[in-house]
Amino acid sequence: MIRLACLLALLLTITSCSSGPKEREFELDYKVINASQKVEPVWLEDIKKYEGDSGYHYFLSQSENRNRRLCIKSATARSTAVIAAEVSQEISNDYTEVTSLDNDSEEVKTFYEKLTQTVRTKVSGVRVKEQYWEKRQKKSGEELTGSPYYACFSVVGIKEETLDRAKKAAQESAIVLAPSDKKEELREKFED
């Protein structure tokens, strides 16, 4: 009877483990000591897998800190920067295409930085939808080294209409920043 119970428990453990997400198959340079959830959320690997409210666009932001509360706050605070960077990158790509400049040129870098600042001022109404944290400790071989720290992740949502307003404001700023002979071409590119 005891053998049957042990066999049944083993079988249940195997089947329950095989039906969930699979473990990572690569060597990590840290050990996860604790986490806010037993299973790593699927949205960590691909934010497109996050199913939230319709009419929202979702972004993933992250942070590391030795203090969990500060780590979570920092990950959330970085969300505006993540949104601004994504919008700026999209517009910057159009800008480099129209101006035929190299992405690494000083002019494009300056353009990108100014544009990112503009977008940050226009982004509002960002809402935290999900959060996940892990307490980690670095490892060297099999030994743990250094102090534990937290890695925190936040999924934030912004209404599509708010994001569109920020994009339009950034596009107008891009046109202002563009060389005179490229302004009209850039405007046409944005209207496509």
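The values are calculated or read from the model by the stated rules, or taken from the named source; none is laboratory data. Since the model is a prediction, treat every value here as computed from it, not as a measurement. Reconstructed Cβ throughout: ideal geometry from the backbone, glycine too, with neighbour counts over all protein chains shown. Heads up: the accessible areas ignore ligands, DNA and RNA and are worked out on the full protein's heavy atoms, side chains in. Shrake-Rupley method; radii C 1.70, N 1.55, O 1.52, S 1.80 Å.
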Compute the Cα gyration tensor for the stretch 108-171, then decide on rounded, prolate or oblate, letting a ≥ b ≥ c be the square roots of its eigenvalues: rounded whenever a/c is under 1.5, prolate when a/b is larger than b/c in the other cases, and oblate in all that remain.
oblate
Rounded to the nearest 10 Å², the accessible area of L44 using a 1.4 Å probe with every protein chain kept is 30 Å²
Given a cut-off of under 8 Å on Cα pairs at least six residues apart, what relative contact order in percent is computed for the chain?
29 percent
Could you work out what % of the accessible surface of the stretch 111-192 is carbon and sulfur, using a 1.4 angstrom probe and leaving DNA, RNA and ligands out of the count?
42 percent
Cα gyration tensor category, rounded, prolate or oblate, for the stretch 20-109 with a/c compared to 1.5
prolate
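Among residues other than L144 whose Cβ falls under 13 Å from its Cβ, what is the net charge (Lys/Arg +1, Asp/Glu -1)? Can you show the working numbers first?
Values: positive: K31, K135, R136, K138, K139; negative: D29, E142, E143.
My count for the surroundings of L144 gives +2.
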A correct Karplus calculation of ³J(HN,Hα) over the stretch 44-57, with 6.51 cos²θ - 1.76 cosθ + 1.60, θ = phi - 60°, whole Hz and x for Gly and Pro, returns 5, 7, 8, 4, 5, 7, 6, 10, x, 5, 6, x, 10, 10
Accessible solvent surface per residue of the stretch 31-114, calculated while the other protein chains remain in place, 1.4 angstrom probe, Å²
62 Å²
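Using helices alone, I'd like the mean residue ellipticity at 222 nm for the chain: each DSSP H run of four-plus residues gives -39500 (n - 2.57), total over residue count, nearest 500.
Numbers: 5 runs with 93 residues, N = 192.
Helix contribution divided over all residues of the chain: -16500 deg cm²/dmol.
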Counting other Cβ atoms within 10 Å of each Cβ, which GluC sites (Glu not before Pro) in the stretch 96-187 have at most 15 and sit in a DSSP loop?
E142
In whole Hz and in residue order, list the ³J(HN,Hα) couplings for the stretch 159-171 that follow from phi through the Karplus curve 6.51 cos²θ - 1.76 cosθ + 1.60, θ = phi - 60°; x for Gly and Pro.
4, 4, 5, 5, 5, 5, 5, 5, 5, 5, 5, 5, 5
How much length is gained on full extension from K139 to K73, taking 0.36 nm per residue of separation minus their Cα-Cα distance?
21.2 nm
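Say R0 is 45 Å: what FRET efficiency, to the nearest 0.05, do S147 and S105 get from their beta-carbon distance?
On the way: r = 41 Å, r/R0 = 0.92.
Computed FRET efficiency for S147 and S105 comes out at 0.65.
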Whole angstrom only: what separates the Cα centroid of the stretch 122-165 from the Cα centroid of the stretch 40-87?
5 Å
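What ranking of D46, D164 comes out by heavy-atom accessible area, probe 1.4 Å, highest first?
On the way: D46 55, D164 75 Å².
Ranked from most to least accessible, the order is D164, D46.
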E188 and K38 label points (each 7 Å along its Cα→Cβ direction) are spaced in nm at 6.0 nm
Between R66 and L28, how many nm apart are label points set 7 Å from Cα along the C-beta direction?
2.1 nm
